[in-house]
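Okay, structure first, notes after.
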């Protein structure tokens, strides 16, 4: 039976999350504290066992060419217990989440397949619009010299959100405050954070996580080159390698432009083909 989660489900949901994704108890607790309330998840309840679950999050507003703002939801963290896999539960829960998104008057629903092979799976469930991202791996240049006039300034989710609306591309999703607050918390928990960078007179934004001595620039926006921004961040954190994500339409030589998230629409209003920018997928 598929139903909305209730207060007494939290322990079972956390157990499923740990088994499905292997995250630490601290990381799981952080998500539940920041973004979860009863009803956020749809669960497959098998006689009291939460066999499968997926979360429906408010992801904010996505603009269309005519200025219309699409209310956007995010279908996140589909997981199924190993003993129940192969029975179609994940597909059924995903379809239920998509239907719930429509029922809650969201105009579109976004999901991020964890692997390239899963794009066809989710498209078979009804997602049909692909939003791209540009991504590249960068090694620290020992010849790079930080210029004293450049600055790196830590900021918080509130100021970041205000600046984000200024620098995000035309069809970029505008996230709600609690969503960006969680992004900030997860970045800081890893040793990174949200930053303003002043580089060659241009203001830039970067959301940074760190894992296994590797810098993960989850977003880089602004007037300066992404290469300059990443080299500056690598020097600041004294790390040797980075993965950078940025706007696909700003793609430069060496970047891989690839499908990143998929969208399903409730009505006929849609983003233009290949348009959209949705960088924060909570990975």
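The values are calculated or read from the model by the stated rules, or taken from the named source; none is laboratory data. Just so you know, these numbers come straight off a predicted model, no measurement behind them. Every residue, glycine among them, receives a Cβ derived from its backbone with ideal geometry; neighbour counts consider all protein chains shown.
Could you please let me know if residue 249 is touching a strand residue (DSSP E or B) at 6+ places or on another chain (Cβ under 6 Å), closer than 30 Å to residue 126 by Cα and outside the structural domain of residue 120 (by TED's automatic domain parsing)?
Answer is no for this residue.
Report, ordered by the first and then the second residue, all pairs with beta carbons closer than 6 Å, sequence separation of six or more or different chains, a first member in the range 102-116 that is within 22 Å of residue 172 (Cβ to Cβ), and a second member that is assigned to a helix (DSSP H, G or I) and at pLDDT below 95.
Partner pairs satisfying both residue conditions: none exist.
Pull up the range 202-221, narrow it to residues that are surrounded by fewer than 17 Cβ atoms within 10 Å (Cβ to Cβ) and touching a residue at least 12 places away in the same chain (Cβ under 8 Å), then point me to the one that is nearest to residue 187 (Cα to Cα).
The qualifying residue nearest to residue 187 (Cα to Cα) is 211.
Here's the yes/no breakdown for (1) modelled with pLDDT of 95 or more; (2) within 27 Å of residue 235 (Cα to Cα); (3) more than 14 Å from the chain's Cα centre (by Cα); (4) not assigned by TED's automatic domain parsing to the domain that holds residue 246:
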| site | (1), (2), (3), (4) |
| --- | --- |
| 142 | no, yes, yes, no |
| 145 | no, yes, yes, no |
| 150 | no, yes, yes, no |
| 160 | no, yes, yes, no |
| 163 | no, yes, yes, no |
| 169 | no, no, yes, no |
| 178 | no, no, no, no |
| 184 | yes, yes, no, no |
| 187 | yes, yes, no, no |
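Need the failing condition index for residue 224 against (1) in contact (Cβ under 8 Å) with a residue 40 or more places away in the chain; (2) closer than 24 Å to residue 147 by Cα, just the number.
(1)
Look at residue 96 and say whether it is loosely packed, with under 13 Cβ neighbours inside 10 Å and not assigned by TED's automatic domain parsing to the domain that holds residue 196.
No: the conditions fail for residue 96.
From the set of residues in the range 164-181 that are touching a residue at least 40 places away in the same chain (Cβ under 8 Å) and over 24 Å from residue 248 (Cβ atoms), which is surrounded by the most Cβ atoms within 10 Å (Cβ to Cβ)?
The residue in question is 181.
Tally the residues that are at pLDDT 95 or above, touching a helix residue (DSSP H, G or I) at 6+ places or on another chain (Cβ under 9 Å) and not in a strand (DSSP E or B), restricting the search to the range 211-244.
Qualifying residue count, the range 211-244: 2.
Search the range 112-155 for residues being touching a helix residue (DSSP H, G or I) at 6+ places or on another chain (Cβ under 6 Å) and surrounded by 15 or more Cβ atoms within 10 Å (Cβ to Cβ), and hand back the single one that is farthest from residue 57 (Cα to Cα).
Among residues in the range 112-155 that are touching a helix residue (DSSP H, G or I) at 6+ places or on another chain (Cβ under 6 Å) and surrounded by 15 or more Cβ atoms within 10 Å (Cβ to Cβ), the one farthest from residue 57 (Cα to Cα) is 140.
Within the range 75-93, count every residue that is in contact (Cβ under 8 Å) with a residue 60 or more places away in the chain and surrounded by 17 or more Cβ atoms within 10 Å (Cβ to Cβ).
Residues in the range 75-93 being in contact (Cβ under 8 Å) with a residue 60 or more places away in the chain and surrounded by 17 or more Cβ atoms within 10 Å (Cβ to Cβ): 6 in total.
Could you count how many residues in the range 16-60 are surrounded by 17 or more Cβ atoms within 10 Å (Cβ to Cβ) and either assigned by TED's automatic domain parsing to the domain that holds residue 175 or assigned to a strand (DSSP E or B) (or both)?
16
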